1. Within the stretch 40-62, how many residues turn out to be surrounded by 13 or more Cβ atoms within 10 Å (Cβ to Cβ), part of a loop (DSSP other than H, G, I, E, B) and under 27 Å from the mean Cα position of the chain (by Cα)?
2. Could you check the stretch 63-102 and list, in sequence order, the residues that are in contact with a helix residue (DSSP H, G or I) (Cβ under 8 Å, 6 or more places away or on another chain), under 21 Å from Lys8 (Cβ atoms) and in a helix (DSSP H, G or I)?
3. If I go through the stretch 192-218 residue by residue, how many of them are under 26 Å from Ser143 (Cα atoms) and surrounded by 12 or more Cβ atoms within 10 Å (Cβ to Cβ)?
4. Say we look at the stretch 52-80 and pick out the residues that are out of contact with any Ser or Thr (no Cβ under 8 Å at 6 or more places or on another chain) and of a type in the set (Lys, Arg); which of these is nearest to Cys101 (Cα to Cα)?
5. Considering Leu16, Leu83, which residue is over 20 Å from Lys102 (Cβ atoms) and surrounded by 15 or more Cβ atoms within 10 Å (Cβ to Cβ)?
6. Which residues, taken from the stretch 86-115, are surrounded by fewer than 19 Cβ atoms within 10 Å (Cβ to Cβ) and of a type in the set (Gly, Ala, Ser)?
Amino acid sequence: MDLGNNLKTLRKSKNLTQEELAECLNLSPQTISKWENNLSMPDISMLPILADYFGISVDSLLSYNVKEREADKKELAQRIHALVNGGNTELAYNELNNSMCKWSLSASMNHLMAWVAYTLSKDKETEARQSLLEEAIMYADRSISLDGGETSKTAQAKMTKCFCLVDLDRKAEAVKIANLLPSMYTSRERVLAKITEGSEQKKNIDTMLQFIEELKDEMNTLLK
């Protein structure tokens, strides 16, 4: 979605300044400027009005391309993970935070923002740490709401929220949420290992065994 550039191009095609367009729409020039620079988005009720004003469809105004948007999202997510894994968590946080306006309705990107904020909080002290943890919870809640419990994103977001709550000394809340998470015995990996056959089953069993080994290592670390 590239509403900002589209709006700027359409405005200039009518030889309008930002001030003139703002006056036509009964808005402030600052609002138009923020839209054109993708710093904020118009309210959904404004989209038909803008489209009608420029004589185009809402889809054309948004230039919405699902495949391109998904590719952009995947590329950004991979870059953010690479930055965090490379120890550049603050850089990852800043880059993702600056682009969240574009991804505000994406459950997966909201969870990614929650995870990055939580990860960054580990390197901070007192107020900065608390602020990041609260921010992570906000994004986790948004991810849960957007996902609607439909996929594993909800469970992942709840896990992140639990870790944040514990770090904020709100353990009782975390335990309450954790008790509602799916059991490992009902996991996708376990079910697939049981219902497939041949080479596919072997692949699923290997995945499950690797998952179990990773869990064992994690649990043994907690016992130390």
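Just so you know, all these numbers are worked out from the coordinates, no wet-lab data involved. All of these numbers come straight from a predicted model, not from anything done at the bench. All Cβ positions, even for glycine, are placed from backbone atoms using ideal geometry, and neighbour counts span all protein chains on display.
1. Going through the stretch 40-62 one residue at a time, the tally reaches 3.
2. Once the filter is applied, which keeps residues that are in contact with a helix residue (DSSP H, G or I) (Cβ under 8 Å, 6 or more places away or on another chain), under 21 Å from Lys8 (Cβ atoms) and in a helix (DSSP H, G or I), the stretch 63-102 yields only Ser99.
3. So the count comes out to 1.
4. Once the filter is applied, the top-ranked residue is Arg69.
5. Going through Leu16, Leu83 in turn, the sole match is Leu16.
6. Gly86, Gly87, Ser99, Ser104, Ser108
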